[in-house]
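Since the structure comes first, as structure tokens, the remarks are kept for the end.
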Amino acid sequence: MKKLLYILTFGLLPALGLAQQEAMFTHYMFNTLEVNPAYAGSRDALTITGIHRSQWVGFDGAPVTQTITAHSPIYREELAVGFSLINDRIGPTNTTSIYGDVAYRMNLSENGKLAFGLKAGLNIMQSGLSSLKLTDDKTDQSFVSDIQSKALPNFGFGLYYSTPKVYAGLSSPRILQNNFSTNSTATASNSEKRHYFMIAGAIMEISDNIKFKPTTFVKATAAAPLEADLTASFLFNEMISAGLMVRTGDAVGLLIGVNPTPQFRIGYSFDWSYGLSTGKYNGGSHEIMLRYDFIYKEKEKIRSPRYF
């Protein structure tokens, strides 16, 4: 299995090029379904997660993003489905994406599972360019008309391998490079860029009451720098967690979380941009995350904690 993961990872890396156009989250480890459809059903429960991110607080027109995901196994734990909704606003531009996911999971060993996932949905973008105040050429035709895109279709794929203690995944959630200006799915120089993602993580027991959880999220696309999020978290008494995050070339952050019950998790993060001039003019970025596992029957209760 390790050889397979190495081949998949390094086989894709040359094509990854450089990242990033998609919305970012410091709680990326709780937003897995949005980037990898093969994650669907992996918690063996109906799991609903919501994240709100306010980026570069105090900076006019800074990104504000919300995402909601839901997923569950539906047939003998082999087939699973999911749903994701993301709304991303940057300045005068607002992009909404609605996707459905399906995953097929197979046992590779007593504890290891490999899942194949497909994602399909729609992207809608609205851009109020005419509302911008120009300082130089106030007759620039590029800012005369707003952009109102149609609901443009897209699809993606993913692979996800997991055991109770490790996971790794590769995905490209939006294959088509939609051109919102022309409402076309044809490839164009000013179209959406295809992204490739790699995720990985593990849980390690330090003592009876303390566990260490390292995770990473690598993002890549053509004509942009390769970007990686690296996070080191500690879990205390299966209830409280705290960790540090580094986003290469961009930011450092702090994450804290609490499990009021085994099924419910609340998380908060703060990160500050160090690699951009915007870091001098804003109050950092804040996120709030809520996740709940719905388990209805006594026999369906999770027998051991799910860390991913």
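Identify all residues within segment 202-242 that are in contact (Cβ under 8 Å) with a residue 60 or more places away in the chain and at positive phi; write none if there are none.
If the condition is that a residue be in contact (Cβ under 8 Å) with a residue 60 or more places away in the chain and at positive phi, then 223, 238 are the ones that fit.
Can you tell me how many residues within segment 76-109 are closer than 19 Å to residue 122 by Cβ and not in a strand (DSSP E or B)?
The number of residues fulfilling the criteria is 0.
Does any residue of segment 65-81 turn out to be surrounded by fewer than 16 Cβ atoms within 10 Å (Cβ to Cβ), out of contact with any helix residue (DSSP H, G or I) (no Cβ under 7 Å at 6 or more places or on another chain) and of a type in the set (Phe, Trp, Tyr)?
Yes, segment 65-81 has at least one match.
Can you tell me which of (1) surrounded by fewer than 21 Cβ atoms within 10 Å (Cβ to Cβ); (2) at pLDDT 80 or above; (3) closer than 20 Å to residue 251 by Cβ; (4) not basic (Lys, Arg) is the one residue 35 doesn't meet?
Among (1) surrounded by fewer than 21 Cβ atoms within 10 Å (Cβ to Cβ); (2) at pLDDT 80 or above; (3) closer than 20 Å to residue 251 by Cβ; (4) not basic (Lys, Arg), residue 35 violates only (1).
Filter segment 107-116 down to residues that are in contact (Cβ under 8 Å) with a residue 12 or more places away in the chain and over 16 Å from residue 36 (Cβ atoms) and give me whichever is nearest to the chain's Cα centre (by Cα).
Out of the qualifying residues, it is 112.
Read through the list (1) within 26 Å of residue 25 (Cα to Cα); (2) at pLDDT below 65; (3) not in a loop (DSSP other than H, G, I, E, B), then give the number of the only condition that residue 142 fails.
Only one criterion in (1) within 26 Å of residue 25 (Cα to Cα); (2) at pLDDT below 65; (3) not in a loop (DSSP other than H, G, I, E, B) is unmet by residue 142, namely (1).
The rows are residues; the columns are (1) under 15 Å from residue 161 (Cα atoms); (2) more than 11 Å from the chain's Cα centre (by Cα).
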site: 33; (1), (2): yes, no
site: 40; (1), (2): yes, yes
site: 43; (1), (2): yes, yes
site: 47; (1), (2): no, yes
site: 57; (1), (2): no, yes
site: 65; (1), (2): no, yes
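Rundown of residues vs (1) within 17 Å of residue 306 (Cα to Cα); (2) in contact with a Gly (Cβ under 8 Å, 6 or more places away or on another chain); (3) surrounded by 14 or more Cβ atoms within 10 Å (Cβ to Cβ); (4) of a type in the set (Ser, Thr, Tyr), yes/no style:
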{"residue": "202", "(1), (2), (3), (4)": "yes, no, yes, no"}
{"residue": "215", "(1), (2), (3), (4)": "yes, yes, yes, yes"}
{"residue": "218", "(1), (2), (3), (4)": "no, no, yes, no"}
{"residue": "230", "(1), (2), (3), (4)": "no, no, yes, no"}
{"residue": "233", "(1), (2), (3), (4)": "yes, yes, yes, yes"}
{"residue": "237", "(1), (2), (3), (4)": "yes, no, no, no"}
{"residue": "240", "(1), (2), (3), (4)": "yes, yes, no, no"}
{"residue": "243", "(1), (2), (3), (4)": "no, no, yes, no"}
{"residue": "247", "(1), (2), (3), (4)": "no, yes, yes, no"}
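Could you list, in sequence order, all residues of segment 249-262 that are surrounded by fewer than 18 Cβ atoms within 10 Å (Cβ to Cβ), out of contact with any Gly (no Cβ under 6 Å at 6 or more places or on another chain) and within 25 Å of residue 283 (Cα to Cα)?
252, 254, 256, 258
Among the residues of segment 65-75, which ones are among the hydroxyl-bearing types (Ser, Thr, Tyr) and either outside any strand (DSSP E or B) or over 18 Å from residue 293 (Cβ atoms) (or both)?
65, 75
The values are calculated or read from the model by the stated rules, or taken from the named source; none is laboratory data. Since this is a predicted model, take the numbers as computed values, not measurements. When we count neighbours, we look across all protein chains shown, and the Cβ atoms used for this are built from the backbone with ideal geometry, even at glycine.
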